[in-house]
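Presented below is the structure to which this report refers.
The values are calculated or read from the model by the stated rules, or taken from the named source; none is laboratory data. Owing to the predicted nature of the structure, the values given are computational and were not obtained by experimental measurement. Counting neighbours? That spans all protein chains shown, and the Cβs are built from the backbone with ideal geometry, glycine included.
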Amino acid sequence: MTRQHRNLLTDVEGLTVGNADDPEVKSGVTVVLCDRPAIASVHVMGGAPGTRESDLLAPEQTVQAVDALVLAGGSAFGLDAAGSVMTALAAAGRGFAVGPARVPLVPAAILFDLANGGDKAWGAAPPYARLGAEALAAAGADFAIGTAGAGAGATTVNLKGGLGSASMRLDDGTIVAALVAVNALGQATLGQGPHFWAAPFEVDGEFGGRGWPSDPRGAAVLRHKGQGLPIASTTIGVVATDAALTKAEAKRLAVMTHDGFARALWPAHTPFDGDLVFALATARRPRAESVDMVALGAAGAACMARAIARGVFAATPAPGDLLPTWRQRFGG
């Protein structure tokens, strides 16, 4: 397995990503745009999810492919972002044909960032519809990670969170990549130190190259946001591949990719996180006679663990922050 050149979700052919955020609100939106409908599924393992169109992605449901995915801050207010993305895609002629009508399919997931120090006094006009349209318009091959898009207001228990991404190429040439907004109830680092739980999966020093601490005792002491209200959590992500998968195989890829949450966050999948992974398969590689789901799922989990650490590592400070960034606290 080797890292891809951008080390981003867009190393998967057929996908672009756009971010938009509001620094005063400390929140934002990330859109994953499929250049043509892609097979999609989802798996939720957190106890407090916020979603739109997630039921559509179950393998037994009729529709197989989606036009875009939306990750947003703002708790349930953030679901407005998907509506503006749908409207813009419909105007461009995209969508599932129902007679003369077209309905773009844009599943979405949100995270809770309403208590992060930003100005949420938006009255009758939450910003998420606007941010969704702006993120879609910004979609491209290159995009920012860290304090950007859906990760703009993200936090962990001890550090600012952020938007992260990572990718790799398997030995047979298949590309697997992950994108994640890290707003976890727990933490991505071990104990009080700078070392990331995802350290065994790091490639080329992509999140500091610190490895494991020489003495890891005490690393598993439980620290989480629930020990000091308000509880503000949820890690939401996307795993994607250029392999040709069935919807059921995409579901299995999403399930296995959740292992990346458990390897990079402590704790994960709690009653107060809405932890969720969407899976996309763009089918740019011909369908193999048999798909190695073990290799795909392992790669998805590794990419997700790396993406989580990269999102926290890349966060940048801003006025009004309630928590330090990794670099502010540990240097580098």
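Brief remarks on what is shown
- Residue match in region 285-294 (condition: hydroxyl-bearing (Ser, Thr, Tyr), at pLDDT 95 or above and either farther than 30 Å from Ser27 by Cα or touching a Ser or Thr at 6+ places or on another chain (Cβ under 8 Å) (or both)): no
- Some residue of region 36-50 being touching a Cys at 6+ places or on another chain (Cβ under 9 Å) and buried (at least 24 other Cβ atoms within 10 Å of the Cβ): yes
- The residues listed here are Thr16, Thr30; of these, the one that is modelled with pLDDT of 95 or more, closer than 30 Å to Leu322 by Cβ, in a strand (DSSP E or B) and in contact with a strand residue (DSSP E or B) (Cβ under 7 Å, 6 or more places away or on another chain) is Thr30.
- Flag if Ala76 is within 23 Å of Thr235 (Cα to Cα), assigned to a loop (DSSP other than H, G, I, E, B) and of a type in the set (Gly, Ala, Ser): no
- Within region 110-136, the residues that satisfy the criterion of being more than 16 Å from Leu163 (Cα to Cα), part of a loop (DSSP other than H, G, I, E, B) and of a type outside the set (D, E, K, R) are Leu114, Ala115, Gly117, Gly118, Ala121, Trp122, Gly123, Ala124, Ala125, Pro126, Pro127.
- Annotation for region 87-104: no member residue is under 16 Å from the mean Cα position of the chain (by Cα) and not aliphatic (A, V, I, L, M).
- Hits in region 233-262 - residues which are assigned to a helix (DSSP H, G or I), among the hydrophobic types (A, V, I, L, M, F, W, C) and crowded, with 24+ Cβ neighbours inside 10 Å: Ala250, Leu253, Ala254, Phe261
- Residue in region 115-132 that is aromatic (Phe, Trp, Tyr), over 20 Å from Phe278 (Cα atoms) and over 22 Å from the mean Cα position of the chain (by Cα) present: yes
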